[in-house]
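The structure under discussion appears below in the form of structure tokens.
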Amino acid sequence: MALASFTISPPPSSFIAKKDLGLSAFSSSSSSPPFSVPKCKKSVSKKIVSVMAPQQSERMPATTGSVKTAMTMTEKIFARASEEPQVSPGENVWVNVDILMTHDISGPGSIGIFKREFGPHAKVWDREKVVVIPDHYIFTEDKLANRNVDILRDFCNDQDIKYFYDIKDLGNYKANPDYKGVCHVALAQEGHCRPGEVLLGTDSHTCTAGAFGQFATGIGNTDAGFVLGTGKLLLKVPPTLKFVMDGEMPDYLLAKDLILQIIGEISVAGATYKSMEFVGTTVESLTMEERMTLCNMVIEAGGKNGVVPADSTAFKYLEDKTSLPYEPVYSDAQARFLREYRFDVTKLEPLVAKPHSPDNRALARECKDVKIDRVYIGSCTGGKTEDFMAAAKVFLASGKKVRVPTFLVPATGKVWMDLYTLPVPGSGGKTCSQIFEEAGCDTPANPTCGACMGGPRDTYARMNKAVVCVSTTNRNFPGRMGHKEGQIYLASPYTAAASALTGFVTDPREFLQ
């Protein structure tokens, strides 16, 4: 197994060159209007110096200027959001929030705190910056779960929230034109993710949005209640770990393998309250959905946030998603990183995380004798369109039928539609749904978080017995997907599909090469 090499950051003057960071030449002198943020109280020491010399043009200080103290991407986002010229790791600063997201699990609690602290008739700070997405416990007869969605609906109607993706008809998700599905994928698809911004959500996997070059992290109900009323939050500036991944991605690996490699390398506590910045030629070659997978699981390493520098791939993705202006930021060449890890991706192999921890890393081929009972493909981590395309590729290459029940849960309505409309490359025009049917998989379910977090007992594909499952989800703690004695092997869609075909944990190279 290829291991990472790492170094502790030397003084800024001797750090790596800008080209090693994969920095973009993006200029802020475009037609986009200058960035501005509401005033907030400054609480830092008067000893802090300016981050730039007096401006000579209309370009933004976050990306240009005579920098006196270099900053990382995350530090620059914090500086901009707090209207401070300079911030450093460990500082507590008040940041202005661009987007607050909540869902049916945490939303009711956040709403309750907001009403308790600001008053029963108080209004949110900005009705267009609050995004409410029911997605976790939706297609269930559990009355408490149903009540949670009702609470969201009442609040959003009262507050006239612009972005509430409601669902009323639980019998047929397509009868709900506003319903989207898994919040982290829907946030991207609906244009709520933008480079350089601050996105907070009442869900630990909110860090997924860091794929767009923004600061995104999960917060608790109390913090969310405060943000609802003020649009601000006191946050500590995290130090940054840099992960440099170079080399052409082998055709049997996916971003899930990369993040499992990293978590296995540094452990589930290795990035506790740290920013994880991903750069290198491999990262630059990833699609947006694969970058989302990479950032999605930084929380499984304890990370505060994950971030990928925004580039042409991100800008192209956003072209038809948002009309709001945004201003990317990039780490300075001399920015100070707490530690740097380097990976030669060409030497990596397909991985799994064995029960019961995401850092219990093993090569898929080392687990070939592990008999499994089912496969689950879905969630914010592994339920995107490209994840299902990857699984279909394996089924297509094998020409065989699955040997264990294989559950398919698209993340969003758009993903569900893609499964029935987009042709799989090299299939002669077949769609994912056709390939899945031929392979004997279950029919794709309604878009939701599904069994990833267990949920009520009637949740589709929930592990109600002590079975062994290979899953494209993100956590494999005891009871995570239902039964406390169940065993979950986290894997990429390639590995999950290959395992479904054999009934054992299987290296996808068995079918892809």
TODO: Would you mention how many residues in the range 460-476 are open to solvent by less than 50 Å² (accessible area, probe 1.4 Å), part of a loop (DSSP other than H, G, I, E, B) and within 13 Å of residue 408 (Cα to Cα)?
DONE: 4
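Counting residues that are at pLDDT 95 or above and under 29 Å from residue 449 (Cβ atoms), which strands (runs of 3 or more DSSP E) fully inside the range 75-150 reach at least 3?
Working: elements: 92-96, 99-102, 130-132.
Answer list for the range 75-150: 99-102, 130-132.
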- [ ] Output the residues belonging to the range 168-196 that are more than 15 Å from the chain's Cα centre (by Cα) and buried (at least 23 other Cβ atoms within 10 Å of the Cβ).
- [x] 179, 180, 196
TODO: Scan (1) open to solvent by 50 Å² or more (accessible area, probe 1.4 Å); (2) part of a helix (DSSP H, G or I) for the single condition residue 323 breaks and write down its number.
DONE: (2)
Open item on the list: If residue 253 satisfies all but one of (1) over 24 Å from residue 192 (Cα atoms); (2) open to solvent by 20 Å² or more (accessible area, probe 1.4 Å); (3) in contact (Cβ under 8 Å) with a residue 40 or more places away in the chain, what's the number of the condition it fails?
Closed with: (2)
Task: Total residues in the range 477-511, condition assigned to a loop (DSSP other than H, G, I, E, B) and surrounded by fewer than 20 Cβ atoms within 10 Å (Cβ to Cβ) - done: 7
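Taking the residues in the range 417-433 that are assigned to a loop (DSSP other than H, G, I, E, B) and of a type outside the set (A, V, I, L, M, F, W, C) as candidates, determine which candidate is most open to solvent (accessible area, probe 1.4 Å). Walk me through it before giving the result.
In the first step, residues of the range 417-433 are kept if they are assigned to a loop (DSSP other than H, G, I, E, B); the result is 422, 424-430.
Checking the rest, the ones that are also of a type outside the set (A, V, I, L, M, F, W, C) come to 425-430.
Values: 425: 107, 426: 80, 427: 16, 428: 85, 429: 50, 430: 66 Å².
The selected residue is 425.
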TODO: Go through the range 81-97 and give me each residue that's touching a residue at least 60 places away in the same chain (Cβ under 8 Å) and open to solvent by less than 30 Å² (accessible area, probe 1.4 Å).
DONE: 81, 87, 93, 95, 96, 97
TODO: Give me a count of the residues in the range 327-356 that are open to solvent by 20 Å² or more (accessible area, probe 1.4 Å), more than 30 Å from residue 471 (Cα to Cα) and of a type outside the set (A, V, I, L, M).
DONE: 4
- [ ] Would you confirm whether any residue within the range 384-392 is of a type in the set (A, V, I, L, M), buried (at least 23 other Cβ atoms within 10 Å of the Cβ), touching a residue at least 24 places away in the same chain (Cβ under 8 Å) and not in a helix (DSSP H, G or I)?
- [x] no
Open item on the list: When you check residue 109 against the structure, is it over 24 Å from residue 213 (Cβ atoms) and of a type outside the set (Lys, Arg), yes or no?
Closed with: yes
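Please verify whether residue 414 is among the basic types (Lys, Arg), under 24 Å from the mean Cα position of the chain (by Cα) and open to solvent by less than 10 Å² (accessible area, probe 1.4 Å), treating the condition exactly as stated. Explain how you work it out, then say what you get.
On the way: among the basic types (Lys, Arg): yes; under 24 Å from the mean Cα position of the chain (by Cα): yes; open to solvent by less than 10 Å² (accessible area, probe 1.4 Å): no.
Criteria not met by residue 414.
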- [ ] Collect the residues in the range 434-458 that are touching a residue at least 60 places away in the same chain (Cβ under 8 Å), assigned to a helix (DSSP H, G or I) and open to solvent by less than 20 Å² (accessible area, probe 1.4 Å), keeping them in residue-number order.
- [x] 439, 450, 451, 452
TODO: Considering only the range 258-315, state which residues are under 21 Å from residue 90 (Cβ atoms) and among the charged types (D, E, K, R).
DONE: 274, 277, 304
- [ ] Find the residue count for the range 282-306, including only residues that are more than 18 Å from residue 188 (Cα to Cα) and assigned to a loop (DSSP other than H, G, I, E, B).
- [x] 3
TODO: State all residues of the range 408-462 that are over 20 Å from residue 178 (Cα atoms) and of a type in the set (S, T, N, Q); if no residue qualifies, say none.
DONE: 421, 427, 431, 433, 434, 443, 459
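The values are calculated or read from the model by the stated rules, or taken from the named source; none is laboratory data. Small disclaimer: the values here were computed from a predicted structure and weren't measured. With ideal geometry, Cβ positions are generated from the backbone for all residues, glycine too; neighbour counts draw on all protein chains shown. Protein only, heavy atoms only, side chains kept; ligands, DNA and RNA dropped before computing areas. Shrake-Rupley method; radii C 1.70, N 1.55, O 1.52, S 1.80 Å.
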